[in-house]
Every structure is written in C-alpha cells, then in structure tokens.
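The values are calculated or read from the model by the stated rules, or taken from the named source; none is laboratory data. Computed from a prediction, not measured in an experiment: that's the story for all the values here. No Cβ is skipped: glycine too gets one built from the backbone with ideal geometry, and neighbour counts run over all protein chains shown. Surface areas here come from the heavy atoms of the whole protein model, side chains and all, with no ligands, DNA or RNA. Shrake-Rupley method; radii C 1.70, N 1.55, O 1.52, S 1.80 Å.
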Amino acid sequence: MFLDSDLLMSALRALTPILLAALGGALCERAGVFNIGLEGMMLMGCFTSVATSWFTGSPWLGVLAAALAAAAYSLILAVGAVTLRGDAVVLGIAMNLLAVGLTSFLLRTVFGVQGTFDDPSLAGLPLIGGFTPLAYLSWAAVAVAALLLSRHVWGLRLRGVGEAPDAAATLGVSPAKYQYGAILLSGVLCGLAGAQLALGNVTLFTENMTAGRGWIAVVAVMLGRAAPLGVLLAALLFGLAEAAGFRLQGLGLPQQATDAAPYVVTLGALFLTTARRRRRPRTTGAVQ
C-alpha cells in the first residue's frame, strides 16, 4: 500500500526543516522584509551543527551553535536591507551563494575532505516517538507564532511595521528594531532547521545538502500568506511530496525523477495559487 503510516511518518520528518525555516521567513514577511536567504542560513546551520557536535561530542551544543551561527549570518541581511536600505532579494541571493562556497571551503579546511563528511563518532539527535525534539519544537512554534502575531503586543507591532512602517514610526514604534528582531529570529529558526537536517534527518554533512529546501520554505511562506497555520499546511504538502519521492524511488523509479517530486509540487502549487488570485478580481467585478 502506497499511502500508509510509514509514509506519514516520513512526511513529518521531512516537514520539520522546511517548517522551521518557513516560520522564520513568515516573521520577516510580516515585518516587511522579503527573506529569500533562508537556504543559505539553513546551510550554515547544517555545517555548524555537524562541526560542533563532532568536536564536542554533544548534538545539543551543535544545535545551539547552529542557531547562533545562522543568527549571526542573518545580520548580513539585517544590516544590508534595514540599515543600508539595500535590495533584500539581491542580498538573499548573495547569502545563498556565499553559504554554498563558504561551507564547501570549511569542509575542506576543517575536516580535510571533499563532498561529504560522515564519521561514526558524530553524535546525532535522539529520537522520541520516532521524531527528534526539534520536530516537536517546530509544531509548538506554529502555535506560538500564531498567538504572537494575533494576540501579543510585539506581534501586533511587527505586523504594523510590515503593513505601514511610517504610521508605526509616528506612534513611537521603531520599524528598524522590529525588522532586526524578525530577521534574527528567522536566523535562529533556520539554524535549528539546519541542525535538524544534518543531525536529525541524517547524521552527516554534504556540500549543498539543503538541496533547495530553503527555496521551498520561501514558497511555503508565499502559499501560506505568511500565516503560521497556512505555512504549516504548505510545508506539510512539500513534506508529503518529498516522502512520496523516496517511496517511488523504492518502487524502482529513477532517482532523478523522484528527487524532482517536491519541486514539481512547488511549481504546481505556485501556478494554481497565482491563477486563483488573478481570477478573483474578475469574479468580483462581474458580480458588481
């Protein structure tokens, strides 16, 4: 049977890194910063978590180091887009490219290998009920983010900064402070996503191991309209697509075809969403 509990478990495991990164992107979107540097921040989290876990023997120190490293890396976007008023899209693309080159260089420098670092002594995250603690954290983060954005003063001000920064400034709210906070939080979440990918889903580091998951997280933000529940549903769709790809590979389909499954779903979802949004104004006009 193709659809079974094992497929669902696999989908939930694949969901976690995408969901964590997408929640970070959603916070930035609500603050008025379009963050497409999620891929690069995730990749920095992957490498830092593996390196720290290998040197210290503690996966939890690896998780902490990944969150701090990705948050520090996110300052490139914060300073460039908020303080210097640069183009956030250009900065995000540059961050993604830099992360690929930097982690590949560090892989050769720190571990003396090329391609993949895999060591039996590398400690991964423990499993509780088939999932790592970061998976449960990601699900809880959806509820926390939803409450934060709808009920808490910080979240309401963050939304105000994103929707009307000039109006927020006249009320004494600093748009730059809230945008910095959102970007740094996205860095922390992307670092956790990278740690989950490198120490939870697998226990190794390979060059460019995020393999487009950061870009899929950006699409999840767009499909979910930066709402935590919507982001969760979009990320679950992509998690199911990735799990189905692995299942089809086990049934004999070529790896190249199954690896493309999440990206085909991404393109299809974007196409349907865009077509639906373009149709709405025409329908409204016809009724009037």
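In whole percent, how big is the carbon plus sulfur part of the accessible area of the chain, probe 1.4 Å, protein atoms only? Write down the numbers at each step before the final one.
Details: 9140 of 13580 Å².
With neighbouring chains kept in place, the figure for the chain is 67 percent.
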Given Cα pairs under 8 Å that are at least 6 residues apart, what percent is the relative contact order of the stretch 15-210?
44
About the Cα centre of the stretch 120-249, how large is the charge dipole given +1 on each Lys and Arg Cβ and -1 on each Asp and Glu Cβ? Please answer in debye to the nearest 20.
240
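In the stretch 1-72, what chymotrypsin sites (Phe, Trp or Tyr not before Pro) fall in a loop by DSSP, with at most 12 other Cβ atoms inside 10 Å? Could the numbers behind the result be given before it?
On the way: sites: Phe2, Phe34, Phe47, Trp54, Phe55, Trp60; in loops: Phe2, Phe34.
For chymotrypsin sites (Phe, Trp or Tyr not before Pro) across the stretch 1-72 that sit outside H, G, I, E and B with at most 12 neighbouring Cβ atoms in 10 Å, the list reads Phe2.
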Sites Leu171 and Val264, calculated FRET efficiency, Cβ-Cβ separation with R0 41 Å, nearest 0.05:
0.35
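Are there DSSP H segments in the chain that both extend 27 Å or more along their axis (alpha-carbon positions) and score a mean Kyte-Doolittle hydropathy of at least 0.0? List them, or say none. The partial results should precede the final answer.
Working: long enough: 5-30 (35 Å, 1.06); 59-77 (28 Å, 1.86); 175-196 (31 Å, 0.73); 228-250 (33 Å, 1.33); 261-287 (39 Å, -0.07).
What comes out of the filter, once short or polar helices are dropped, is 5-30, 59-77, 175-196, 228-250.
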Would you look at the GNM of the chain, springs on alpha carbons closer than 10 Å, and say which of Ala81, Ala182, Ala94 moves the most?
Ala94
Expressed in µm² per second, the diffusion coefficient of the stretch 90-245 from the Stokes-Einstein equation, with Rh the Kirkwood radius over alpha carbon pairs, at 20 °C and 1.002 mPa s, is 120
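Scan the chain and report its longest stretch carrying no trypsin sites (Lys or Arg not before Pro) that are both in a DSSP loop and have at most 16 other Cβ atoms within 10 Å. Each step should come with its number before you reach the end.
Working: sites that count: Arg85, Arg151, Arg225.
Result for the longest clean stretch: 1-84.
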The chain pair-distance distribution - Cα-Cα, 10 Å bins, rounded %
7, 27, 34, 22, 8, 2, 0
Looking only at Ala99, Ala167, Ala220, which one moves most when the chain is put into a Gaussian network model with springs between Cα atoms under 10 Å?
Ala167
When the dipole is taken about the Cα centre of the chain, and only Lys, Arg (+1) and Asp, Glu (-1) are charged at their Cβ, what size is it in debye, to the nearest 20?
1120
Spin-label zone in the stretch 116-143 - amide nitrogen under 11 Å from a point set 7 Å from the Cα of Met9 along the C-beta vector:
129-131
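Using just the helices of the chain, give the 222 nm mean residue ellipticity in deg cm²/dmol: DSSP H runs with n ≥ 4 each add -39,500 (n - 2.57), and the total is spread over all residues, rounded to 500. Don't skip to the end; give the middle numbers.
Numbers: 12 runs with 206 residues, N = 288.
Calculated mean residue ellipticity at 222 nm is -24000 deg cm²/dmol.
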Extreme residue, positive dipole direction of the stretch 15-210, given options Leu19, Val144, Tyr73 (C-beta unit charges):
Val144
In nm, what is the difference between 0.36 nm times the number of residues separating Val144 and Val113 and their Cα-Cα distance?
7.1 nm
Quick one: check the C-alpha center-to-center distance for the stretch 50-86 versus the stretch 109-170, whole angstrom.
12
How large is the accessible surface per residue of the chain, computed with a 1.4 Å probe and reported in Å² as a whole number?
47
